[in-house]
């Protein structure tokens, strides 16, 4: 582990999650918290998540994440796995997925994950060191969008436009009003750039920033992480 | 004037210009230099230019600017003024300018301004304190694009996609290879956003960032200036 980071595994019912707090501020209490979204699979995602948690701790904030439905060590959902198989078949055939294929995979994930993240937030805000405000960062953008609509505790969101966007998420986006920092990898060939720009345009937030960089899906440049950190520092304030 | 900024007016032939250097590093020599582009009119633009020069001095860099053809105290060009009148007439009528109207106004400006900025650079790089590398920032984006293509001394450019973009600039953009930081005001109603995104897409640079913010044409948020400064700091290095 890291000298400056305290890591605690937790479970919400039988859903695994991780909470990271900056060690030096363990007595400070009332830490802002950033929920770290991801595409599913805490195991393979761990190195990247812990790096993001470390950057969050440098802001003096806590960070937390939760396994997604039908991912990692969680039981498989027939609905999600069937949709995932259909999506992968489409992609392997070199075709663009239809709206129906995207909806079938993403919407059950959003419908199930969002209440789980909200329940996690209920529990985490009961931890004495954590006080908020709360930010949401990264992961499946339709999950971040829904969370920003339904949970008024989310004060700011840094989203990554690198996952499939159901058309219904565009409509939901109009109801988002919190400050947003949206990251897009311009040359992410597997990504529907026009749909991502349509989503950014739809967000109802008065304060929203789109940052598009080169480097492909996984090539987000280091300065983009620093810019996202400054976005959260502007909107979550906090102890440092 | 400012405690930390030395301002020197100069003329290139009969073209007025301004050079700003950070006072504290006047003995350091070999300063990086950022050319500050603008839409024309050093008089009305002065407050914003000096603010940008101050931000540049905080990086430890020099900044310089030059009046545009047929603007400010410079003699009027019949070609440019006739084209400007046609453009303004179109805009007053609430119509989108045609490609021909855009070309007629922007291309003569680019053709005349670019060699003037290059001659300025010749002269400025002869000033003992200035050594480069050289960046170009803001102003008419077709001028910045052309400069980035024709002058290998320009090492990085921060462009503002808030002026009319001739179609030929899209083709020129493919030959740009230097690092770029492109700012776009997403809700700039007088701006052709699709054309701006097409230009960003066309730039041949491996390292390019698009940052889109809200706030209308003149409402660039303060953090966007800070992000642009960090872009130049990453690419021009320098004395601080």
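Look at (1) touching a strand residue (DSSP E or B) at 6+ places or on another chain (Cβ under 7 Å); (2) at pLDDT 95 or above; (3) surrounded by fewer than 23 Cβ atoms within 10 Å (Cβ to Cβ) and you find that residue B:180 fails only one, number (3). Within segment A:196-240, being more than 13 Å from chain B (Cβ to nearest Cβ) and buried (at least 17 other Cβ atoms within 10 Å of the Cβ) holds for A:236, A:238.
Screening A:42, A:31, A:66, A:35 for residues that are under 21 Å from residue A:127 (Cβ atoms), surrounded by 14 or more Cβ atoms within 10 Å (Cβ to Cβ) and over 15 Å from the mean Cα position of the chain (by Cα) leaves exactly one candidate, A:31.
Assess whether residue A:63 counts as being within 18 Å of residue A:233 (Cβ to Cβ) and in a helix (DSSP H, G or I). Considered against the rule, which asks whether it is within 18 Å of residue A:233 (Cβ to Cβ) and in a helix (DSSP H, G or I), residue A:63 comes out as no. Set side by side, the residues A:158, A:144 differ, and just one is in contact with a strand residue (DSSP E or B) (Cβ under 9 Å, 6 or more places away or on another chain), buried (at least 22 other Cβ atoms within 10 Å of the Cβ) and assigned to a helix (DSSP H, G or I), which is A:144.
Scanning segment A:45-62 for residues that are in contact (Cβ under 8 Å) with a residue 60 or more places away in the chain and under 12 Å from the mean Cα position of the chain (by Cα) turns up just one, A:52. Cβ contacts < 8 Å: first residue on the phi > 0 side of the Ramachandran plot, restricted to segment B:197-224; second residue surrounded by fewer than 15 Cβ atoms within 10 Å (Cβ to Cβ), any location; separation 6+ or different chain. Result? Between residues of segment B:197-224 that are on the phi > 0 side of the Ramachandran plot and residues that are surrounded by fewer than 15 Cβ atoms within 10 Å (Cβ to Cβ), the close pairs are B:216/B:189.
Of all residues in segment A:180-195, those being part of a loop (DSSP other than H, G, I, E, B) and more than 10 Å from every other protein chain (Cβ to nearest Cβ) number 5. Here residue A:225 fits the description: at pLDDT below 95 and part of a helix (DSSP H, G or I).
Considering segment B:12-28, the residues that are touching a strand residue (DSSP E or B) at 6+ places or on another chain (Cβ under 6 Å) and more than 20 Å from residue B:140 (Cβ to Cβ) include one that is surrounded by the fewest Cβ atoms within 10 Å (Cβ to Cβ), namely B:23.
Total residues in segment A:103-126 satisfying the condition of being closer than 20 Å to residue A:76 by Cα and out of contact with any strand residue (DSSP E or B) (no Cβ under 9 Å at 6 or more places or on another chain): the figure is 12. Are any of the residues in segment A:168-176 farther than 26 Å from residue A:108 by Cβ, more than 11 Å from chain B (Cβ to nearest Cβ), in a helix (DSSP H, G or I) and touching a helix residue (DSSP H, G or I) at 6+ places or on another chain (Cβ under 7 Å)? Within segment A:168-176, none of the residues are farther than 26 Å from residue A:108 by Cβ, more than 11 Å from chain B (Cβ to nearest Cβ), in a helix (DSSP H, G or I) and touching a helix residue (DSSP H, G or I) at 6+ places or on another chain (Cβ under 7 Å). Residue A:163 - would you say it is assigned to a loop (DSSP other than H, G, I, E, B), closer than 22 Å to residue A:95 by Cβ and either at pLDDT 95 or above or touching a helix residue (DSSP H, G or I) at 6+ places or on another chain (Cβ under 6 Å) (or both)? For residue A:163, the condition - assigned to a loop (DSSP other than H, G, I, E, B), closer than 22 Å to residue A:95 by Cβ and either at pLDDT 95 or above or touching a helix residue (DSSP H, G or I) at 6+ places or on another chain (Cβ under 6 Å) (or both) - is met. Go through A:129, A:100 for me and flag whichever is touching a strand residue (DSSP E or B) at 6+ places or on another chain (Cβ under 9 Å) and over 18 Å from residue A:157 (Cα atoms). None of the other options fit; the residue is A:129.
State the number of residues belonging to segment B:117-141 that are in a helix (DSSP H, G or I) and surrounded by 18 or more Cβ atoms within 10 Å (Cβ to Cβ).
The qualifying residues number 5.
The values are calculated or read from the model by the stated rules, or taken from the named source; none is laboratory data. Treat the numbers as computed from the prediction; the structure is a model and nothing was measured. Heads up, the Cβs are rebuilt from the backbone with ideal geometry, glycines too, and the neighbour counts pull from every protein chain shown.
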